[in-house]
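Colleague: Questions regarding the structure given below will be posed in turn.
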Amino acid sequence: MQTEKEGEDDVSPEEYVALSDFTGSGSDQLSFSRGDRLLVHTKPSSEWWWAELQEVKGYVPASYLRKSTAEEEEDVSLEDPWQDEEYFGSYGTLRLHLEMLSDKSRTEAYRQVILSNSASLKNKVVMDLGCGTGIISLFCAQLAQPSLVYAVEASSMADYTRQLVKQNGSEEVVSVLQARAEEIELPERVDVLVSEWMGNSLLFEFMVESVLLARDRWLREGGVMWPSSAALTLVPCQAHSYYDEKMAFWERPYGLDFTPLQPLAQQEFFTKPKFSHLVEPADCLSSPCDVISLDMYTLQIKDLEAYTLEADSLHA
Ligand code: J7C
């Protein structure tokens, strides 16, 4: 049994989940991201708690946290957010598909390749790995004349993809398989393996692993990979016009002087990386540099695992 004093020090911390991102100011506050799991040691006030994240302790705002439930604590899949269930779960809703479909340069690039290679697709068997809503499979079916497209999608979106294929009159050509690429069984090898697998910073999600496995298992010898190569390109850039535009909001809204909020706006909106920002060529501060280049015909998983970046290559 614990004495009161021992209890204060030894009371087991409670686990909380972050509801949204928080950037701590000063060295005694923790910064965290939405979904992070924090251990709350003590609750000195109703607003600020003393907590721990990855072995670092600091104050956190209580209103940013919710208690994690017993089921969550037991659910090992949540320990690794990219476990299959969570990963494919996120692709079972429209949010990420909307993001991908709204990416015009991405979607148009696939459409264009299929259109300009339509002759070589005639009577060919295609696999569209991770087809999502089936856009690439539909482009193949409608812009070329493949004999068959296997549209492979592991998430529950596959149900809707089947409906979309039917709705667009392509059910004779496109066969939707709801399965992980690693598990599918096909009666034949395919002539073309097309996939939109590229994640943030190219390799995030590591879907490339599934593509390579499908290539080795299901692409016939001499078959075609789309894309045939991939690169991660870095370029230092500025975003002055975006910055100015966002800060200008705090100048005179409704004719009132709101400039005292500008330092706060700067802290809140500009201390984190900005994703999905379209960089104008004029904002690039040097010529781009490829830091990863992949040949999708020869690439092996072990090459990726062993990838290291020579600092010298950045000066090239
Ligand atoms: N098997 C089947 N579908 C997959 C797999 C896999 N191994 N990995 C990812 N997907 C699906 C996923 O459900 C989503 O619809 C799409 O492929 C991911 C596309 N991600 C991307 N960054 N372009």
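Colleague: Quick one: 3J(HN,Hα) in Hz for the stretch 268-279, Karplus 6.51/-1.76/1.60 with θ = phi - 60°, rounded, Gly and Pro as x.
Modeller: So the J values, rounded to whole Hz, are 6, 9, 10, 9, 10, x, 9, 9, 6, 9, 7, 8.
Colleague: Against the longest alpha carbon principal axis of the chain, how many degrees, from 0 to 90 and to the nearest 10, is the axis of helix 157-167 turned?
Modeller: Compared with the principal axis, the helix lies near 40 degrees.
Colleague: So, one more: Find, among the chymotrypsin sites (Phe, Trp or Tyr not before Pro) in the stretch 222-304, those assigned to loop by DSSP (not H, G, I, E, B) with at most 15 other beta-carbon atoms within 10 angstrom.
Modeller: The qualifying sites are F249, F258, F275, Y297.
Colleague: Next question, about the same structure. Find the centroid of the Cα atoms in the stretch 83-138 and in the stretch 209-238, then give the distance between the two in whole Å.
Modeller: 14 Å
Colleague: Could I ask something else about it? Once the convex hull of the alpha carbons of the stretch 216-279 is built, what does its volume come to per residue, in cubic angstrom?
Modeller: Roughly 151 Å³ of hull volume per residue.
Colleague: Which chymotrypsin sites (Phe, Trp or Tyr not before Pro) in the stretch 127-233 pass both tests, a DSSP loop state and at most 16 other beta-carbon atoms within 10 Å?
Modeller: Those that pass, being in a loop and sparsely packed, are F204, F206.
Colleague: Pick from P236, P227, P253: which residue has the top mean-square fluctuation in a GNM of the chain where Cα pairs under 10 Å get a spring?
Modeller: P253
Colleague: At 7 Å along Cα-to-Cβ for each site, give me the label-to-label distance between S12 and K43 in nm.
Modeller: Between S12 and K43, the label points sit 1.8 nm apart.
Colleague: How are the Cα pair distances of the stretch 159-316 distributed, in percent, across 10 Å bins from 0?
Modeller: Bins of 10 Å from zero give 8, 24, 24, 19, 17, 7, 2 percent of pairs.
Colleague: Now a separate question. Largest first and in whole Å, what are the equivalent-ellipsoid semi-axes of the stretch 99-179 based on the Cα gyration tensor, each being the root of 5 times an eigenvalue?
Modeller: Three semi-axes, in Å: 18, 16, 10.
Colleague: Separate question: Give the value in nm², to one decimal: projected area of the alpha carbon convex hull of the chain, averaged over all directions.
Modeller: That works out to 24.1 nm².
Colleague: Another question, then. For C237, list long-range residues whose amide hydrogen, built 1.01 Å from N in the peptide plane, is under 5 Å from its own amide hydrogen.
Modeller: When sequence neighbours closer than 5 places are left aside, the close amide H contacts are L285.
Colleague: Here's something else I'd like to know. How much of the DSSP beta bridge set in the chain is antiparallel, as a percent to the nearest 5?
Modeller: Counting only bridges with both partners in the chain, antiparallel ones make up about 60 percent.
Colleague: Also, I was wondering about something else. Any chance you could give the angle, 0 to 90 degrees and rounded to 10, that helix 104-116 forms with the longest Cα principal axis of the chain?
Modeller: That helix lies at roughly 10 degrees to the long axis.
Colleague: Something else about it: How high is the relative contact order of the chain, in percent, counting Cα pairs under 8 Å that sit 6 or more residues apart?
Modeller: 10 percent
Colleague: Right, something else. Express in nm, to one decimal, how much length is gained between E221 and R106 on full extension, taking 0.36 nm for each residue of separation and deducting their alpha carbon distance.
Modeller: Separation in residues times 0.36 nm, less the Cα-Cα distance, equals 38.6 nm.
Colleague: Which whole number of Å³ per residue matches the convex hull of the alpha-carbon atoms in the stretch 124-250?
Modeller: Each residue corresponds to 162 Å³ of Cα convex hull volume.
Colleague: Moving on to the next point. Can you give the helix-only mean residue ellipticity at 222 nm for the chain, where every DSSP H stretch with n ≥ 4 adds -39500 (n - 2.57) and the sum goes over all residues, rounded to the nearest 500 deg cm²/dmol?
Modeller: Dividing the helical sum by the residues of the chain leaves -8500 deg cm²/dmol.
Colleague: A follow-up question, please. Tell me, in nm to one decimal, what length is gained between E268 and N123 on full extension, where the rule is 0.36 nm per residue of separation less the Cα-Cα distance?
Modeller: Working it through step by step, the gained length comes to 46.7 nm.
Colleague: Work out the length of the dipole vector of the stretch 110-175 about its Cα centre, built from +1 on the beta-carbon of each Lys and Arg and -1 on the beta-carbon of each Asp and Glu, and round it to the nearest 20 debye.
Modeller: Dipole magnitude for the stretch 110-175 comes out near 200 debye.
Colleague: Once you keep just the Cα pairs under 8 angstrom separated by 6 or more residues, what percentage relative contact order results for the stretch 171-300?
Modeller: The normalised contact order for the stretch 171-300 reaches 30 percent.
Colleague: Dipole of the chain, Cα-centred, from +1 at each Lys and Arg C-beta and -1 at each Asp and Glu C-beta, to the nearest 20 debye?
Modeller: Using only the charged Cβ atoms, the result is roughly 1600 debye.
Colleague: Just the Cα atoms of the stretch 147-221: what Rg and Dmax do they give in Å?
Modeller: Rg then Dmax for the stretch 147-221, in Å: 13.0, 37.
Colleague: Project the alpha carbons of the stretch 32-72 onto their principal axes and report the range along each, largest first, in whole Å.
Modeller: In descending order, the Cα extents are 27, 21, 17 Å.
Colleague: Could you tell me which residue out of Q267, S156, V176 lies farthest along the dipole of the chain toward its positive end? Charges go on the beta carbon: Lys and Arg +1, Asp and Glu -1, centred on the Cα centre.
Modeller: V176
Colleague: From the P(r) of the stretch 20-162, could you give the percentage of C-alpha pairs in the tail past 26 Å?
Modeller: Tail of P(r) above 26 Å: 50 percent of Cα pairs.
Bear in mind these aren't lab numbers, they're just calculated from the coordinates by the rules spelled out. Keep in mind it's a predicted model, so treat the numbers as computed, not measured. Ideal geometry is used to build each Cβ from the backbone, glycine not excepted, and the neighbour counts take in all protein chains shown.
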